[in-house]
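To start, the structure under review is shown below, and the notes come after it.
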């Protein structure tokens, strides 16, 4: 793999990881909006029902049977809406956990790709730099030996 391909693979992998995280954040935002909207709608409906129940009582306080039927219907409708809201919450939580697993899988795969690209780039760099480093080390060793040999000769000459 060429250096350019390795660099492209690395940055593509990092980009995939960020895209997965961004998609998860957008999805969570949408989910939060749906839940909030549903909750607001339910509160509005409960307010209307309570208002209608109060109006019915105010207009016909003697109609006990009609008022009782309205109270039961209002309570039943409220419970039904509450169960619907709870069902939606559970569905959203279920979807959220599934999306979290999918996001984690995508991020792990993307990071694996970035890691492999980094390893490949490191190998390539070491292969290219290896001979130059070896040559530099050999040059230093040769100069050190030469300097050491020269010092040893001077010392031997001085002692004579």
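The values are calculated or read from the model by the stated rules, or taken from the named source; none is laboratory data. Note that the structure is predicted; figures quoted are calculated from it, not measured. Glycine also receives a Cβ, built like all others from the backbone with ideal geometry; neighbour counts cover every protein chain displayed.
Here are a few things to note about the model shown:
- Comparison of 13, 27 shows that the only residue that is in contact (Cβ under 8 Å) with a residue 40 or more places away in the chain, more than 30 Å from residue 84 (Cβ to Cβ) and either loosely packed, with under 15 Cβ neighbours inside 10 Å or in contact with a helix residue (DSSP H, G or I) (Cβ under 6 Å, 6 or more places away or on another chain) (or both) is 13.
- Exclusive hit being closer than 30 Å to residue 123 by Cα, out of contact with any strand residue (DSSP E or B) (no Cβ under 7 Å at 6 or more places or on another chain) and at pLDDT below 95, set 59, 6, 74, 82: 6
- Residue match in the range 61-77 (condition: exposed (fewer than 12 other Cβ atoms within 10 Å of the Cβ) and part of a loop (DSSP other than H, G, I, E, B)): yes
- Any chance residue 38 is within 37 Å of the chain's Cα centre (by Cα) and loosely packed, with under 12 Cβ neighbours inside 10 Å: no
- Considering residues of the range 85-113 that are touching a residue at least 12 places away in the same chain (Cβ under 8 Å) and under 21 Å from residue 46 (Cβ atoms) only, the residue surrounded by the most Cβ atoms within 10 Å (Cβ to Cβ): 92
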